[in-house]
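Nothing in this text is a laboratory measurement; each read-out follows from the coordinates by a stated rule. As the structure is a computational prediction, the values presented were derived from the model and not from experiment. Cβ: placed from backbone, ideal geometry, glycine included. Neighbour counts: every protein chain shown.
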Amino acid sequence: MTIRTHRRRLAVAVAAMTTAISTTVALAPAAGANDPYGAIAYTVTGWWGRSQNYPTAASAQAAALNSCAFSDCQVLVTFTACGAVAANGWVRSGGYGNNLSAAMQDALMKVGGGWIDNWACN
């Protein structure tokens, strides 16, 4: 199991993302019995926590919230393969996919552009 707590911003231009990833959004498959789970949680002020390789969605979410360590932390995405959080100003949204590119594209579409602020894969 891996827990990481950091505050970082990975600026990714939307135009670059459009050319770097396919235009097809791959949906995450139904989790198998042995698929590990991960989660990413955020506060409204941008502090975050994430978890990877947990046996259940609930345990991954609890670990991400614990890693975030603030009372206003909320899980933005739970995933089995890859998850990402995109930001546009102070608005953040989580996305997931079968691979990192799909997760990033999903998050960017949900927030309406912006940049990738965080990501993780199992």
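A few comments on the model shown:
- Residue 84 vs. criteria closer than 16 Å to residue 116 by Cβ, crowded, with 22+ Cβ neighbours inside 10 Å and in contact with a helix residue (DSSP H, G or I) (Cβ under 7 Å, 6 or more places away or on another chain): yes
- Out of 93, 67, 59, 101, one residue alone is in contact with a Lys or Arg (Cβ under 8 Å, 6 or more places away or on another chain) and part of a helix (DSSP H, G or I). It is 67.
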